[in-house]
1. Only one of the listed values, (i) 1.28; (ii) 1.17; (iii) 0.98, was derived from the coordinates as Rg/Rh (Cα atoms, Kirkwood Rh); which label is it?
2. Could you state the angle between the C-alpha long axis of helix 53-67 and the longest principal axis of the C-alpha atoms of the chain, as a value from 0 to 90 degrees rounded to the nearest 10?
3. Could you calculate the contour length gain from residue 112 to residue 3, that is, 0.36 nm times the residue separation minus the distance between their Cα atoms, to one decimal place in nm?
4. What FRET efficiency comes out for residue 86 versus residue 54 if R0 is 30 angstrom and r is the Cβ-Cβ distance? Round to the nearest 0.05.
5. By how many nm would the segment from residue 31 to residue 130 lengthen if fully extended, with 0.36 nm per residue of separation less the alpha-carbon distance?
6. When the helix-only estimate is applied to the chain (DSSP H runs of n ≥ 4, each -39,500 (n - 2.57), divided by the residue count), what is the mean residue ellipticity at 222 nm, nearest 500 deg cm²/dmol?
7. Wrap a convex hull around the Cα atoms of the stretch 7-67, take a quarter of its surface area, and give that in square nanometres.
8. Can you give me the Cα centroid spacing of the stretch 59-117 and the stretch 36-52 in angstrom?
């Protein structure tokens with residue numbers, strides 16, 4: 001899979017050929033031809049095939065939004081399953097990243113892949129009703145231990 005498509009690269013008041021669209025988005029010409037088969041509008045039925053920039057921009061926008069899946073506050077997006085999942089046994093670990101934000105870590109119930117989600121401390125209250133969140137406990141660090149006794 002290539003880099004993400006940015007619809008703003010297409011200028012709305014310009015017409016593009018198939019090759020120009022392929023060069024603009026760094027894709028193969030056959031990919032652009034597949035886009036034409038899948039609904040990308042053309043100016044007319046003549047040759048060379050011309051694509052309006054406004055139609056191209058709208059096609060890329062809808063293509064990007066069609067793939068997006070919104071997670072509910074207690075769901076995590078599993079990168080392997082490619083969909084939102086509720087964690088195994090509704091459990092997640094919270095790992096603080098700063099004073100106000102941190103990372104929730106959980107396992108996918110389908111493929112047991114580790115899933116991550118960033119959340120603020122205030123948003124944990126919304127999630128606690130659906131998930132059991134374990135917060136870290138502070139442990140005594142080695143460098144702060146009692147000094148060894150001195151022998152005289």
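Every read-out reported here was derived from the displayed coordinates using simple, explicitly stated rules and does not represent laboratory data. Predicted model only: the values in this text are computed from it and were never measured. Ideal geometry is used to build each Cβ from the backbone, glycine not excepted, and the neighbour counts take in all protein chains shown.
1. (i)
2. Helix 53-67 sits at roughly 40 degrees to that axis.
3. 36.5 nm
4. Step by step, r from the Cβ atoms, then E = 0.15.
5. Taking 0.36 nm per residue and subtracting the Cα distance, the gain is 31.3 nm.
6. Computed ellipticity for the chain at 222 nm equals -6500 deg cm²/dmol.
7. 3.8
8. Spelled out, the Cα-based centre of one part sits 38 Å from the other.
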